[in-house]
Amino acid sequence: MKQKLPILGILCLGLLLRLYFFVGPGYTDDIDYIYIAYHALTLHGISLAFLNSADLNAQRLMTVLPLAISFKLFGFNENSAVIYNISCSIGCILLTYLIARKSLGEKIGLLAALFYAVFPLDLFYSTQVGGDIPVAFFALFGVYLLMENYCFMAGIAWGVSTVTKENGLFFFFIFLAYLIAEKLNWKSIKQIMSGFFLIVLAELFIFYLYTGNPFHYLKIYESTQSMMQGETSLFYLPKYLLHALVPNFKTEGGLLGLSPFFVFFFFLSEYRKKAWNQNRFILFFFLWILFTVGYLEFGVMTITFHPILKWIRYWTILICPITILMARGMLELVKKFSLILTMLFILHSLWISYGNIAWIRAQLAYDKKPYRVLKSLPRKKIYINQEFLGRLQLYSKGKWKIVPFTPHLHLKSMADSYALIFPALLDKKYERLPYFLYHIPKNWKFLGWMKPRGENLRPPQQIFKLYFIPPNKTSPSKSEKKEANHL
């Protein structure tokens, strides 16, 4: 039991840090997953009908399904929305320890787990919602099972990682690195591929049942990614790494910390000493990073060769080998200064995490403000832009009647309700909206701008506007006049 106390302490530290740096559902696709998972709930269980959709996020079965299960078991709220991601994050810390211990020894395993527990990139995303942390967990689980010679089960774990999200396919680079470093026999390779294709075929069969097309996912993915806009510059990674030296804290910059620089110099040292002749696992971890980073910088995203978009959250699959090589470097390369460098790394990681998470919390305050204001008003039906529907549903724990604006929405049907409008969407016409939102009726009562006190992160035209739509009668009642003056 005493031998287990250090790793148990690190896991507890990891959990406490994630609770302290709690973000909750953030930007990216978080709210879309929540909206899909919430509407998958039925009186009799969970329906997979959401798969028959043109929404890419609805195709990610093992991202939406665990979320729906969490809502079913623990209720529809912010905390239950992040249980799965936090669990996978803590699981990644444990698996990093097990992988490092198996390959390089107990001390390196413990230090790598400690580095993972404080790693800024994981702290930032572990309490949000999405598939990247679970992808990393199942990818690492596959590595551990492979090291334990459970090849078929390793293939299954990597299959689940792929079903979670498309970047789960990066397991191929891990597999290739392992093949080069450890030289698997043909029997082991067949077992791995059998496990992987078992999961893939099961997914194809499920899509066939619900959509009539086993390749429905691929069709939606190809069409969606070809239209998406984002960073594709080959200078993305160097620019991002420099954020760790001079953090901006107005974007999620520098979340890799200083670890890539340390790993790079450690690589040069190990290359000169040919260290992987003594332990091939060092080569495995280097190749894992090299192959994955190479693809993230120069690879394509679709079968039509659309350049891959640069999302830093994809790097969560690399935290494990990065922290293991850092731990090895600390204990082998700079023994005399390892304690000092470890403390400096931890402090710098927490500083980076604090700055980035303070930024996103301030951003999310704008989305929580409408809920706080509406909560203080008499309960009525609420109309809102589709993009923000899921977030308001989440904050109200699914108890409010919230309806999206639709192109053919009848004005009379909105009587005696609230309209929450995001002007920026009207200007850019992201959604197909009813005509009267562009020319607000004179009888609508403007209740105010949704702007947190003391905050000035967004210009006024990008803050929510709240209206009360009176009942269908000639003059407003005293209660309506009081309501209009509430703010």
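Using a Förster radius of 25 Å, what is the FRET efficiency between PHE337 and PHE261 based on their Cβ-Cβ separation? Nearest 0.05, please. Walk me through the intermediate numbers first.
Numbers: r = 16 Å, r/R0 = 0.62.
For PHE337 and PHE261, the calculated efficiency is 0.95.
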In whole Hz, what ³J(HN,Hα) sequence does segment 13-25 give by Karplus (6.51, -1.76, 1.60; θ = phi - 60°), x for Gly and Pro? 4, x, 5, 4, 5, 5, 6, 5, 8, 4, 9, x, x
Counting just the Cα atoms, what span does segment 171-233 cover along each of its three principal axes? Round to the nearest Å and put the largest first. 40, 40, 9
Any residue on another chain or 5+ positions along whose placed amide H is under 5 Å from the amide H of LYS381 is listed here as TYR418
Tail fraction, Cα-Cα pairs, segment 128-227, threshold 20 Å, whole percent: 42
Tell me, what HN-Hα J-couplings in whole Hz come from the Karplus equation 6.51 cos²θ - 1.76 cosθ + 1.60 at θ = phi - 60° for each residue of segment 349-364, using x for Gly and Pro? 4, 5, 5, 4, 4, 4, x, 5, 6, 4, 5, 6, 5, 5, 5, 5
Using the Kirkwood radius over Cα pairs of segment 15-171, the Stokes-Einstein translational diffusion coefficient at 37 °C and 0.692 mPa s, in µm²/s and rounded to a whole number, is 203
Value of [θ]222 nm, deg cm²/dmol, for the chain, DSSP H segments ≥ 4, -39500 (n - 2.57) each, nearest 500: -18500 deg cm²/dmol
Residues whose placed amide H lies under 5 Å from that of PHE464, excluding near-sequence neighbours: MET450
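For the chain, go through all pairs of different Cα atoms, get the mean of 1/r, take its inverse, and jot down that Kirkwood value in Å. Display every interim value, and only then the final one.
Details: mean 1/r = 0.0407 Å⁻¹.
When all Cα pairs of the chain are included, the Kirkwood radius is 24.6 Å.
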Please report the antiparallel percentage of DSSP beta bridges with both residues in the chain, rounded to the nearest 5. 65
Given the pairs LYS310/LYS375; LYS368/LYS442; LYS102/LYS335; LYS250/LYS442; LYS4/LYS190; LYS273/LYS336, which are separated by over 31 angstrom at their Cα positions? LYS310/LYS375; LYS250/LYS442; LYS4/LYS190
Packing-based exposure ordering (other Cβ within 10 Å, fewest first) of SER353, SER417, SER376: SER376, SER417, SER353
Can you work out the Karplus-derived ³J(HN,Hα) for every residue in segment 281-296? Use 6.51 cos²θ - 1.76 cosθ + 1.60 with θ = phi - 60°, whole Hz, and x for glycine or proline. 5, 4, 4, 4, 5, 4, 5, 3, 5, 4, 5, 5, 4, x, 5, 4
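Taken together, the values in this text are just the output of simple stated rules run on the coordinates, not laboratory data. Bear in mind that the values here come from a model prediction, so they are computed numbers and not experimental data. Cβ coordinates were reconstructed from backbone atoms using ideal geometry, including for glycine residues, and neighbour counts include every protein chain displayed.
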